[in-house]
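Structure first, commentary second.
Each reported figure results from applying straightforward, stated rules to the coordinates on display, with no laboratory input. Treat the numbers as computed from the prediction; the structure is a model and nothing was measured. So basically every Cβ, Gly included, is an ideal-geometry build from the backbone, and we count neighbours across all protein chains shown.
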Ligand code: T4K
């Protein structure tokens, strides 16, 4: 079997047609208004409200600054604890820490790798102020159970929706659960503004607070009302967003075709598990993770290394766990006893390339290769 001439990565950014971007940039240049809540920025916010089916949207220069700001906007007591998942990108616990709060890691569900809601209450102490679950890979957390726990214990809920652009649970936008939700529009995301992100929230009362926090805390020319940051999205980012809003659905359909081939070809293979999206939830098609079970003849790492030889770059998202990082490994909640499922799955998960431009032949080649390395 021949290797690919060009590397096949986990993803490829969705990019608008260059000529349409040129027109957008021409407008921006002519207006001389290039950042700080410009026309494109405001238009993108408005359009995103209907795409994501949420009441309020504030766009940001990246998802991490959006998440930092979301936590800040919740006014959590200094030094309080935020329960989160170790099975995520470093941004999730780091934003907790950067806010002077303490991450407390909760184990995950073996089925879909999201935070295990049944384990949350055991971790609640008088110091707990919030829960920060992640809809990892696009799989929805148990939003109902998390809502009940939060209500019973008076906790804020901040959802990390970095992987769930446009996902709906029973027809409801995924950004409407919890007090506030964070989306990433990074180049590697289904919908991107190259770098970018947004906050979605139901409470209109948060609008002014977030607007100020995103802009250094400036309320008006004479008043700085809060300890803010610079989280503003510029007009070129917003333009790419406006153009990509027209394209992301087609990208999703193409990804669905890729996913179908993977499922058809790989699901008959013994000891490979393909986690399923629940029937009431739409699939963002952000990632295609598979679980290499213990009895499979090769380990996840062997498969990853083998693919590399053929110029295919799969990813071990999210290995290592955040609880393995030097800066978190000594936390009590980082113990293996507390996180048995996450520690088990971190060595079994492999994300396969998933993007619209991945043609049928290449997907078949990846699947054939999978079968071939099985027989090595
Ligand atoms: N919360 C969660 C749960 C997240 O997953 C993330 C980000 C965040 C919060 C924070 O949101 P942002 O602040 O990023 O908006 C990538 C992304 O950079 C990151 O946004 C994402 N999660 C994470 C899961 O994936 P890396 O370190 O894997 O990126 P990198 O550079 O290895 O890119 C992955 C592959 O994508 C490359 O092998 C090739 C391809 N690629 C990448 C770029 C940047 C391209 O083809 N073109 C490109 O321009 O983190």
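Residue by residue, here is whether (1) within 16 Å of the ligand (Cβ to nearest atom); (2) surrounded by fewer than 18 Cβ atoms within 10 Å (Cβ to Cβ); (3) closer than 27 Å to residue 189 by Cβ holds:
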| position | (1), (2), (3) |
| --- | --- |
| 286 | yes, no, yes |
| 316 | yes, yes, yes |
| 321 | yes, no, yes |
| 344 | no, yes, no |
| 355 | yes, no, yes |
| 372 | no, yes, no |
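The range 173-268 holds strands (runs of 3 or more DSSP E) entirely within its bounds, and those carrying 2 or more residues that are touching a strand residue (DSSP E or B) at 6+ places or on another chain (Cβ under 8 Å) map to 180-184, 197-201. Just one residue in the set 298, 245 is more than 24 Å from residue 172 (Cα to Cα) and touching a residue at least 40 places away in the same chain (Cβ under 8 Å); that residue is 298. Counting only helices (runs of 4 or more DSSP H) wholly contained in the range 39-140, the ones carrying 2 or more residues that are more than 21 Å from residue 332 (Cα to Cα) and away from the ligand (no atom under 16 Å from the Cβ) occupy 39-52.
Can you spot a residue in the range 299-311 that is out of contact with any strand residue (DSSP E or B) (no Cβ under 7 Å at 6 or more places or on another chain), within 15 Å of the ligand (Cβ to nearest atom) and closer than 22 Å to residue 188 by Cα? So far as the range 299-311 goes, yes, one or more of its residues are out of contact with any strand residue (DSSP E or B) (no Cβ under 7 Å at 6 or more places or on another chain), within 15 Å of the ligand (Cβ to nearest atom) and closer than 22 Å to residue 188 by Cα. Number of residues in the range 116-138 that are free of Cβ contacts under 8 Å to residues at least 12 places away in the same chain and closer than 20 Å to residue 340 by Cα equals 1. For the criterion of being surrounded by fewer than 22 Cβ atoms within 10 Å (Cβ to Cβ), more than 22 Å from residue 205 (Cα to Cα) and touching a helix residue (DSSP H, G or I) at 6+ places or on another chain (Cβ under 9 Å), residue 144 passes.
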